[in-house]
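Here is the structure we will look at.
Any read-out appearing in this document is the output of simple, stated calculations on the displayed coordinates, not a laboratory observation. If you're wondering where the values come from, they're calculated on a predicted model, not measured in any experiment. Neighbour counts are summed over all protein chains in view; Cβ atoms, including those assigned to glycine, are modelled from backbone coordinates with ideal geometry.
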Amino acid sequence: MQGNLPPEAQEKIEELQDLQETAQEVATQKQQAETTLRESKTALEALDDIEKDAGMYREVGTLLVETEYDEAYEDLEEKVDSLEVRVQTLEKQENRVREKFEELQEELQQMLQGGGAGGPAGGPMGPGGPGAGGA
């Protein structure tokens, strides 16, 4: 089917496929970061219920190393903060990829409905709006 498409449409399809792969990668990274964030928040909440002089250990590679309460709490707080920023960054990236995907999809549909590509995809694009960078 793709053999009958104009080269511009084939390029758009390839871009869409690349964006779809990127979206899947970002979604996976986001899911992993969210899971780690939830686990870290749970651990931080658990620390609130532990006495400060209790013996504590942290995992360092395959070893357990003794640590102090304050150090463990501080490290977990930093990890939570870092993961929250990571999740927000991935959400923004996910939105940008989705917007670009929808924009390319619309351009491809217009290209195919118009009977092929006749130069840049001009005309009313609707939701794409201004600033939707051209290729």
Just rank 67, 42, fewest to most, by other beta-carbon atoms within 10 angstrom. 42, 67
Tell me the Rg and the Dmax, in Å, that the Cα atoms of segment 65-109 produce. 19.2, 61
What's the lysine pair count for segment 2-115 at a Cα cut-off below 17 Å, pairs eight or more apart or interchain? 6
Scan around residue 67 for amide H atoms under 5 Å from its own, H built in the peptide plane at 1.01 Å from N, and keep only partners 5 or more places away or cross-chain. 56, 57, 58
Per-residue HN-Hα couplings for segment 45-56 [Karplus 6.51, -1.76, 1.60; θ = phi - 60°; Hz; x = Gly/Pro]: 5, 5, 5, 4, 8, 9, 5, 5, 9, 5, x, 10
By the mean-Cβ-within-10 Å protection proxy, highest first, 56-65, 20-29 rank as 20-29, 56-65
Evaluate the Kirkwood expression for the hydrodynamic radius of segment 2-115, namely the inverse of the mean inverse distance over all pairs of different C-alpha atoms, and round to one decimal in Å. 17.6
Residue separation between residue 105 and residue 75 times 0.36 nm, minus their alpha-carbon distance, gives in nm 6.4 nm
How far, in nm, would the chain grow between residue 96 and residue 65 when pulled straight, counting 0.36 nm per residue and subtracting the alpha carbon separation? 7.0 nm
Would you calculate the separation in nanometres between label points at residue 32 and residue 49, each defined as 7 Å from the Cα along the Cα-to-beta-carbon direction? 3.0
Expressed as a whole-number percentage, the relative contact order of segment 2-115 with C-alpha contacts under 8 angstrom and at least six residues apart is 41
